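Structure first, commentary second.
Please treat every number below as a calculation from the coordinates, not as lab data. As the structure is a computational prediction, the values presented were derived from the model and not from experiment. Note that we place each Cβ from the backbone using ideal geometry, even for glycine, and neighbour counts take in every protein chain shown.
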Amino acid sequence: MAEQIFRVNMSDLSTKIETVPEEWKGLGGRGLTSTVIAAEVNPTCHPLGKHNKLVIAPGLLSGTPAANSGRLSCGAKSPLTGTIKEANAGGTSAQMLARHGVKALIIEGKPTDNGKWYSLHVHSGGVTVQEETEVIGMGNFAVVEVLNKRLGDKVGVITIGPAGEMRMTGANISIKDPDNHIRSNGRGGLGAVLGSKQIKFISVEPTSEKVAIADPEAFKTANRAFAKALVDNPISKALGQYGTNVLVNIINESGGLPTRNFTSGQFAGHEAISGETMHDTIVARGGKPKHNCHAGCVINCSQIYTDLKGQYKTSGFEYESIWALGADCCVDNLDHIAEADSLMDDLGLDSIETAVAFGVAMEAGVLPFGDGAGICRILREEVGKGTPLGRIIGSGAAAVGRAYGVTRVPVVKNQAIPAYDPRAIKGIGITYATSTQGADHTMGYTIATNILGVGGKVDPLSKEGQVELSRNLQIATAAIDSTGMCLFIAFAALDDATCLPSLIDLLNARFGINLTADDVTNLGMSILKTERAFNLAAGFTNKDDRLPEFFAEEPIAPHNVVWDISDEAIDSFWDF
Amino acid sequence: MQLTVKLFAYFRDNRFKQKVTDYPEGTTVEDIIRSLGIDLDEVGVTMINSRHCSLEQVPVDGDQLAIFPNIGGG
């Protein structure tokens, strides 16, 4: 299928198919969503108003047989941060959209009738807009179930839960995975943007179309080398066995596991919530320790976590969600954490933002630290029903901090800081401060080099080398996020000399072009600069690239360190 | 000297999670890993008292040594 731009205007419910502009042809995923938003969205617009646009784009390699290439990017101006935003996830839709020839789906405008809800159906001929009533108010799992019955099991589903319908700024967008569960474009409140367009879900017609590959033989050869580099990597193997939650124990050991709303770097209950315990629990209960979020993934970091009776409880049970509910909220019970994770998936809430919001709420005295049952109750009865307390928690950590007068609020640009304390792991503090999208570890994952010994070694407690480390990783990540690749290919890419060249060979064989490693780096730099320019035009300055002041003033155990990288050093991040 | 050795992920299989053991003075991190029958190639990260350490480093009495295979996530 030839690639085209599918455009939907919700103001008049019209749809169009457009030729891909020349300057967008070499872009996909995050590179494309950010470029479209920078070109078409007024940076000062209200994120939930008619002038914002939601852009959905498969990566450059999505829909091909390339290993691990099934990520789908969603982008908009974020209602949480006010910055440009991209979040990506697996699931089945990226590959299906690419096979329909969708380079990007751009959703703009806003219905004039506030009471009505709509759905979009994407097929090779375009997009159909329909009024929707049946699934309004439903959780994500029920939406998938109903749509499977209505449209067949193979249909692709991109959906928002009640949180997105209520336009909570912690709302995410979820994508059906191969097992009819969901994966989530988690961060930045993009679910609220889809909700503001009054779209409950986007369904994608199954298709037998294929993505055109310019040089199929070269593609096959490159894919073999690429997949081998991924499979042979020892970190990929550990991810398959323990999931990302293998990190609880090593981050705790390093003294960088934020605990009790960021007041300590180690959690006494770490063993109970660790990847090792999770693995043993899953095996003992007959769950699945290994599971993929999209066809073609060879790493399998997801899992099926079951309850005591062996029934499905949650999947894609990630380190960051477990850390936030576990160490940050002091809940040392994996079953409570799994229940809360499942509730957040169903409501359509970012499990980092919401869980960190609970940590702030605990500090405010809304519920006690360690109260896992209380978290589940509030999710069900307050957030799910849209009570005032539920809406505050569903709007994230900063909203809770403001509503309750808390000063220890771990956010940058209003987005919750995830599972690595920047005082004890300083490289990640640079990423939190300078990321174009608010605090987000995935934007430049310095943990690899600060803690895990991947891509070299940089002492996590030293100020030296952290800006350069974060810069190099943020540039590389922006490029990877454009390919449709899962970011976990980076572990192989950083340490296996065959990985990155084979990825570039894949891109060249797909499009019949001659990219070099420098071209890929330049792509990453240009994406970051495009995103930064949007933020500056929206009113952000270098003064927004700062961590909350408590990090500089409150030392954390066991290293008793504070955040001590200077503002000048932070600002030098942008010297490229 | 008495050391607390902590093992993680599959290094625990048929070994232990945490154990206090006597080692002769001058024992290196590498010696300890070998004594546990762990393949050095599989070692990703070692820490003494929550600080990264080299294989040549010599712990002192009362230290905690943590040994991890190659792992990652995020």
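Could you give the length gained on full extension between A:Lys385 and A:Asp519, defined as 0.36 nm per residue of separation minus the Cα-Cα distance, in nm?
Details: separation 134, 0.36 × 134 = 48.24 nm, distance 4.93 nm.
Fully extending the segment from A:Lys385 to A:Asp519 adds 43.3 nm.
I need the shape label for chain A. Rule: rounded when a/c is under 1.5, else prolate if a/b > b/c, else oblate, with a, b, c from the alpha carbon gyration tensor. Could the numbers behind the result be given before it?
Values: a/c = 1.31, a/b = 1.15, b/c = 1.14.
Rounded, because the longest to shortest axis ratio a/c is under 1.5.
For A:Met344, A:Met362, what ranking results if the residue with the fewest other Cβ atoms within 10 Å of its Cβ goes first? List each step's numbers first, then the result.
On the way: A:Met344 30, A:Met362 24.
Least to most surrounded, the residues fall as A:Met362, A:Met344.
Which value, in debye to the nearest 20, describes the size of the charge dipole of the stretch A:502-559 about its Cα centre when Lys and Arg Cβ atoms bear +1, Asp and Glu Cβ atoms bear -1, and nothing else is charged? Please list the in-between numbers first.
Values: 5 positive and 9 negative charges, 53 e Å.
The dipole of the stretch A:502-559 has a size of about 260 debye.
Given only helices, namely DSSP H runs of n ≥ 4 each adding -39500 (n - 2.57), what is the per-residue ellipticity at 222 nm of chain A, to the nearest 500 deg cm²/dmol?
Values: 23 runs with 220 residues, N = 576.
It comes out at -11000 deg cm²/dmol, rounded to the nearest 500.
Write down the percent of antiparallel bridges among all DSSP beta bridges whose residues are both part of the stretch B:2-69, to the nearest 5. Write down the numbers at each step before the final one.
Working: 12 of 16 bridges.
DSSP beta bridges in the stretch B:2-69 are roughly 75 percent antiparallel.
Using alpha carbon centroids, what distance separates the stretch A:139-215 and the stretch A:490-515, in Å?
30 Å
Mind checking which aspartates and glutamates have their Cα closer than 18 Å to the Cα of A:Lys154? Skip sequence neighbours fewer than 8 apart in that chain.
A:Glu145, A:Asp177, A:Asp179, A:Glu205, A:Glu209
Determine the shielding of peptide B:48-57 by partner chains: average, over its residues, the number of Cβ atoms on other chains within 10 angstrom of each Cβ.
Working: counts 0, 4, 12, 8, 8, 0, 0, 0, 0, 0.
Counting Cβ atoms of other protein chains within 10 Å of each residue's Cβ and averaging gives 3.
What does the charge dipole of the protein assembly as shown about its Cα centre add up to, to the nearest 20 debye, if the Cβ of each Lys and Arg holds +1 and the Cβ of each Asp and Glu holds -1?
1780 debye
Any idea which of A:Ala163, A:Phe540, A:Ser526 is furthest toward the positive side of the dipole for chain A, if Lys and Arg beta-carbons carry +1 and Asp and Glu beta-carbons -1?
Positive-end residue among those listed: A:Ala163.
Express in nm, to one decimal, how much length is gained between A:Cys45 and A:Tyr404 on full extension, taking 0.36 nm for each residue of separation and deducting their alpha carbon distance. Working shown, then result.
Values: separation 359, 0.36 × 359 = 129.24 nm, distance 2.80 nm.
My answer for the length gained is 126.4 nm.
Using +1 at the Cβ of each Lys and Arg and -1 at the Cβ of each Asp and Glu in the stretch A:243-421, identify which of A:Ala355, A:Gly396, A:Thr263 lies farthest towards the dipole's positive end.
In the stretch A:243-421, that residue is A:Gly396.
For the stretch B:2-69, rounded, prolate or oblate, judged on the Cα gyration tensor with a ≥ b ≥ c (square roots of eigenvalues), a/c < 1.5 rounded, else prolate if a/b > b/c? Before the final figure, lay out the partial values.
Values: a/c = 1.45, a/b = 1.28, b/c = 1.13.
It is rounded, given that a/c, with a ≥ b ≥ c, falls under 1.5.
Using R₀ = 45 Å, calculate the FRET efficiency as 1/(1 + (r/R₀)^6) where r is the Cβ-Cβ separation of A:Glu23 and A:Thr221; round to 0.05. Please list the in-between numbers first.
On the way: r = 30 Å, r/R0 = 0.68.
After rounding to 0.05, the efficiency reads 0.90.
Remind me, relative contact order of the stretch A:243-421 in percent, using alpha carbon pairs under 8 angstrom and six or more residues apart?
On the way: 349 pairs, mean separation 37.6, N = 179.
Taking the mean separation of contacting Cα pairs over the length of the stretch A:243-421, I get 21 percent.
Around A:Thr221, with a cut-off of 10 angstrom between Cβ atoms, what is the net charge of the other residues, counting Lys and Arg +1 and Asp and Glu -1? Could you put the intermediate results ahead of the total?
Numbers: positive: A:Lys220, A:Arg224; negative: A:Asp215, A:Glu217, A:Asp505.
Result for the neighbourhood of A:Thr221: -1.
Determine, for each peptide in A:446-453, A:148-155, A:57-64, A:3-10, the mean count of other beta carbons within 10 angstrom over its residues, then list the peptides with the highest first. Intermediate values should be presented prior to the final figure.
On the way: A:446-453: 25.4, A:148-155: 12.9, A:57-64: 29.8, A:3-10: 20.4.
Those peptides, ordered most packed to least, come out A:57-64, A:446-453, A:3-10, A:148-155.
How far apart, in nm, are the 7 Å Cα→Cβ label points at A:Glu568 and B:Asp22?
It is 5.6 nm.
So for the stretch B:2-69, taking the charge dipole from beta-carbon charges (+1 Lys/Arg, -1 Asp/Glu), which of B:Leu55, B:Thr28, B:Gln18 sits furthest toward the positive end?
B:Gln18
Could you give the size of the charge dipole of the stretch A:429-530 about its Cα centre, using +1 on the Cβ of each K and R and -1 on the Cβ of each D and E, expressed in debye and rounded to the nearest 20? Before the final figure, lay out each step's value.
Details: 5 positive and 10 negative charges, 37 e Å.
Rounded to the nearest 20 debye, it is 180 debye.
Fewest to most neighbouring Cβ within 10 Å: what's the order for B:Cys53, A:Cys297? All intermediate terms of the calculation are to be shown ahead of the outcome.
Values: B:Cys53 18, A:Cys297 22.
Fewest-to-most ranking of B:Cys53, A:Cys297: B:Cys53, A:Cys297.
Within 14 Å, Cβ to Cβ, of A:Met1, how many net charges do the neighbouring residues add up to if Lys/Arg are +1 and Asp/Glu are -1?
Net local charge, A:Met1 excluded: +1.
Under a plain spin-label model, where a point goes 7 Å from the Cα along Cα-to-Cβ, how far apart in nm are A:Val146 and A:Asp280?
4.3 nm
Could you work out the mean count of beta carbons from other protein chains within 10 Å of each residue's beta carbon in A:227-235?
Numbers: counts 0, 0, 0, 0, 0, 0, 2, 7, 6.
Across the residues of A:227-235, the mean count of other-chain Cβ atoms within 10 Å is 2.
In percent, how large is the relative contact order of chain A, given Cα pairs closer than 8 Å and 6 or more residues apart? Please report the intermediate quantities before stating the final value.
On the way: 1428 pairs, mean separation 93.3, N = 576.
So the answer I get is 16 percent.
Taking other Cβ within 10 Å of each residue's Cβ, how do A:Glu22, B:Glu30 sort, fewest first?
Numbers: A:Glu22 7, B:Glu30 15.
Lowest to highest Cβ neighbour count: A:Glu22, B:Glu30.
Kindly work out what percent of the DSSP beta bridges joining two residues of the stretch A:1-110 are antiparallel, to the nearest 5.
Values: 19 of 25 bridges.
Antiparallel bridges: around 75 percent, rounded to the nearest 5.
Would you list, by chain and number, the lysines whose Cα falls below 28 Å from the Cα of A:Lys543, excluding same-chain residues fewer than 8 positions away?
Correct list for A:Lys543: A:Lys53, A:Lys77, A:Lys85, A:Lys413, A:Lys426, A:Lys463, A:Lys529.
Which of the three applies to the stretch A:201-256, rounded, prolate or oblate, going by the alpha-carbon gyration tensor with a ≥ b ≥ c and a/c under 1.5 meaning rounded? If you can, show how the numbers build up before the last one.
Values: a/c = 4.03, a/b = 1.69, b/c = 2.39.
Cα axes put the stretch A:201-256 in the oblate bin.
Set the Förster radius R0 to 41 Å, insert the Cβ-Cβ distance between B:Asn14 and A:Tyr312 as r into 1/(1 + (r/R0)^6), and round the FRET efficiency to 0.05.
Details: r = 31 Å, r/R0 = 0.76.
Computed FRET efficiency for B:Asn14 and A:Tyr312 comes out at 0.85.
Need one value for A:552-561: mean number of C-beta atoms belonging to other chains within 10 Å of its residues' C-beta atoms. It would help to have the intermediate numbers written out before the result.
On the way: counts 0, 0, 0, 0, 0, 1, 3, 3, 0, 0.
Mean partner-chain Cβ count within 10 Å for A:552-561: 1.
Note down the net charge around A:Glu339, summing +1 for each Lys or Arg and -1 for each Asp or Glu among other residues with Cβ under 12 Å from its Cβ.
Summing Lys and Arg as +1 and Asp and Glu as -1 gives -2.
Between A:Glu134 and A:Met1, what length in nm is gained on full extension when 0.36 nm per residue of separation is reduced by their alpha carbon distance? Can you show the working numbers first?
Numbers: separation 133, 0.36 × 133 = 47.88 nm, distance 3.28 nm.
The A:Glu134-A:Met1 span can extend by a further 44.6 nm.
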